[in-house]
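Peer 1: Structure provided below as structure tokens; questions to follow.
The values are calculated or read from the model by the stated rules, or taken from the named source; none is laboratory data. Remember, it's a predicted structure, so these values are computed and weren't measured experimentally. For neighbour counting, all protein chains shown are included, and Cβ atoms are generated from backbone atoms with ideal geometry for every residue, glycine included.
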Amino acid sequence: MSKILLTGAAGFVGSHIAEALIEANHNVICAIRQTSNLKWIKNLPLEYKYGSLNDKNFLEKIVKDVDVVVHCAGIVRAMSKEEYFKANVENTKSLCEAILRNNPNLKKFVFISSQAAMGASPAGSIRKVTDIPEPVSDYGLSKIEAEKELKKMLGGKVPYVIFRPAGVYGPRDKDIFIFFNLIRKRLRPVAAKKRLLQLVYVKDVAKSVSFCLENKKTDNNIYYLANSSAYTWTDIGKIISYSVGVKALPLPTPDIVFKAAGFIMEVLSRVTGKPATLNKQKIAEMLQDFWIADTFPAENDLNIKFTNLEVASQITYNWYLENNWL
């Protein structure tokens, strides 16, 4: 049993990581903002430390006397590149600095990055971690810069693991939920152009974190997390529709619809002062032809079998129904 500091525990991915760590009998301490909504983790036996990752004094205190740090906190949408870098790069750098000063014998640092850090795949090829990253958004750029800072600071001093999940879906997700909601309304989006992407079930991300903690083979490595199968958005709609037993009509969705939606939501975002779920950069990511990465190292080193979409989509859909999201 390890004493683990987890950041971002109140979020979609972080809450599932918290569950997996508790199931593995670890002692989990969560770094939580005072304003965080704890609805997903309030019934777990967790210890809370309230403060901000922007506060270096807070970081100095929370990294002491823990065996492992799992850094899941970050932002996936923001109003500017500066906001992405402050939350995803600077906070990661400050956390590493605090560890080196106050807990240099930390057993492992686990960082939840993103497939967006690598950028889209060249035509039909599979991205490997040794490839040169080419992110296509400020979010992806902030994640690859955070990785660089982490490796520069902790390399040779503290063992680390970097995970790059593909598009994450599962219970509690609000982004790919839109797709499930359309299926519930018996509509199945059909993209105008064939594009291939990978997805990963959120509980597989959480298991990957849990499995790597005592696994020396994972030290100082980067792993892509995803089901190895690549799908088109049309495939995804058909699979979800079939898996949950809903007959959905194809809804042709040309690229211009996505681009218009991103533009409108970005304009509304400027009016409200709040980041949009979709914006021009998110749409640009969605419209890349290939998001395919090599998942074999993760499967091999972590001894994990990623859940297929047929099974996980049914679990996810039923969760949405049971929790009155649909």
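Peer 1: Could you figure out which of (1) buried (at least 19 other Cβ atoms within 10 Å of the Cβ); (2) touching a Phe, Trp or Tyr at 6+ places or on another chain (Cβ under 8 Å); (3) under 30 Å from Ile283 (Cα atoms) isn't true of Ile99?
Peer 2: For Ile99, the failing item is (3).
Peer 1: Next up: Working only within region 158-178, note down all residues that are in a loop (DSSP other than H, G, I, E, B) and in contact (Cβ under 8 Å) with a residue 40 or more places away in the chain.
Peer 2: Of everything in region 158-178, those that are in a loop (DSSP other than H, G, I, E, B) and in contact (Cβ under 8 Å) with a residue 40 or more places away in the chain turn out to be Val158, Pro159, Ala166, Gly170, Pro171, Arg172, Asp173, Lys174, Asp175.
Peer 1: A follow-up question, please. Of the residues Tyr223, Tyr242, Tyr317, which single one is surrounded by 19 or more Cβ atoms within 10 Å (Cβ to Cβ) and more than 19 Å from the chain's Cα centre (by Cα)?
Peer 2: Tyr317
Peer 1: Restricted to region 226-236, and to residues that are part of a loop (DSSP other than H, G, I, E, B) and within 19 Å of the chain's Cα centre (by Cα), which residue is nearest to Leu197 (Cα to Cα)?
Peer 2: Within region 226-236, the match that is nearest to Leu197 (Cα to Cα) is Ala230.
Peer 1: Is it the case that Lys93 is over 25 Å from Phe211 (Cβ atoms) and assigned to a loop (DSSP other than H, G, I, E, B)?
Peer 2: no
Peer 1: So for region 109-118 (the condition being at pLDDT 95 or above, in contact with a Leu (Cβ under 9 Å, 6 or more places away or on another chain) and farther than 30 Å from Ser229 by Cβ), does at least one residue qualify?
Peer 2: The answer is yes; a qualifying residue exists.
Peer 1: Do we find a residue being free of Cβ contacts under 8 Å to residues at least 60 places away in the same chain and buried (at least 21 other Cβ atoms within 10 Å of the Cβ) anywhere in region 68-77?
Peer 2: no
Peer 1: While we're looking at this one, here's another question. Taking the condition under 23 Å from Val246 (Cβ atoms) and not acidic (Asp, Glu), does Phe177 pass?
Peer 2: yes
Peer 1: So is Lys143 closer than 26 Å to Ser210 by Cα, touching a residue at least 24 places away in the same chain (Cβ under 8 Å), assigned to a loop (DSSP other than H, G, I, E, B) and not β-branched (Val, Ile, Thr) or not?
Peer 2: So Lys143 fails the test.
Peer 1: Can you name the number of the only condition in (1) surrounded by 16 or more Cβ atoms within 10 Å (Cβ to Cβ); (2) in contact (Cβ under 8 Å) with a residue 40 or more places away in the chain; (3) not charged (D, E, K, R) that Asn181 fails?
Peer 2: Condition not satisfied by Asn181: (1).
Peer 1: Follow-up. Out of all the residues in region 44-67, which are surrounded by 20 or more Cβ atoms within 10 Å (Cβ to Cβ) and not in a loop (DSSP other than H, G, I, E, B)?
Peer 2: Matches in region 44-67: Leu59, Ile62.
Peer 1: Oh, and also: Which condition breaks for Lys81 when tested against (1) farther than 30 Å from Lys280 by Cβ; (2) in contact (Cβ under 8 Å) with a residue 60 or more places away in the chain?
Peer 2: Here Lys81 clears every test but (1).
Peer 1: Filter region 187-213 down to residues that are modelled with pLDDT of 95 or more and part of a loop (DSSP other than H, G, I, E, B) and give me whichever is surrounded by the most Cβ atoms within 10 Å (Cβ to Cβ).
Peer 2: Gln198
Peer 1: Something else now. Tell me, yes or no, whether region 122-130 has at least one residue that is touching a Pro at 6+ places or on another chain (Cβ under 9 Å), of a type outside the set (Ser, Thr, Tyr), surrounded by fewer than 22 Cβ atoms within 10 Å (Cβ to Cβ) and part of a loop (DSSP other than H, G, I, E, B).
Peer 2: Yes; the residues of region 122-130 include at least one that is touching a Pro at 6+ places or on another chain (Cβ under 9 Å), of a type outside the set (Ser, Thr, Tyr), surrounded by fewer than 22 Cβ atoms within 10 Å (Cβ to Cβ) and part of a loop (DSSP other than H, G, I, E, B).
Peer 1: Could I ask something else about it? For region 254-269, which residues satisfy the criterion of being within 26 Å of the chain's Cα centre (by Cα), under 30 Å from Asn308 (Cα atoms) and touching a residue at least 40 places away in the same chain (Cβ under 8 Å)?
Peer 2: Answer for region 254-269, where residues must be within 26 Å of the chain's Cα centre (by Cα), under 30 Å from Asn308 (Cα atoms) and touching a residue at least 40 places away in the same chain (Cβ under 8 Å): just Asp255.
Peer 1: Out of Ile41, Ile4, Ile75, Ile22, which single residue is hydrophobic (A, V, I, L, M, F, W, C) and part of a strand (DSSP E or B)?
Peer 2: Matching residue, one of Ile41, Ile4, Ile75, Ile22: Ile4.
Peer 1: Pairs only if they're at least six apart or on different chains, beta carbon under 9 angstrom, first in region 237-249 and on the phi < 0 side of the Ramachandran plot and in a loop (DSSP other than H, G, I, E, B), second among the aromatic types (Phe, Trp, Tyr) and at pLDDT 95 or above; list them, first residue then second.
Peer 2: Val244/Tyr317; Val246/Tyr317
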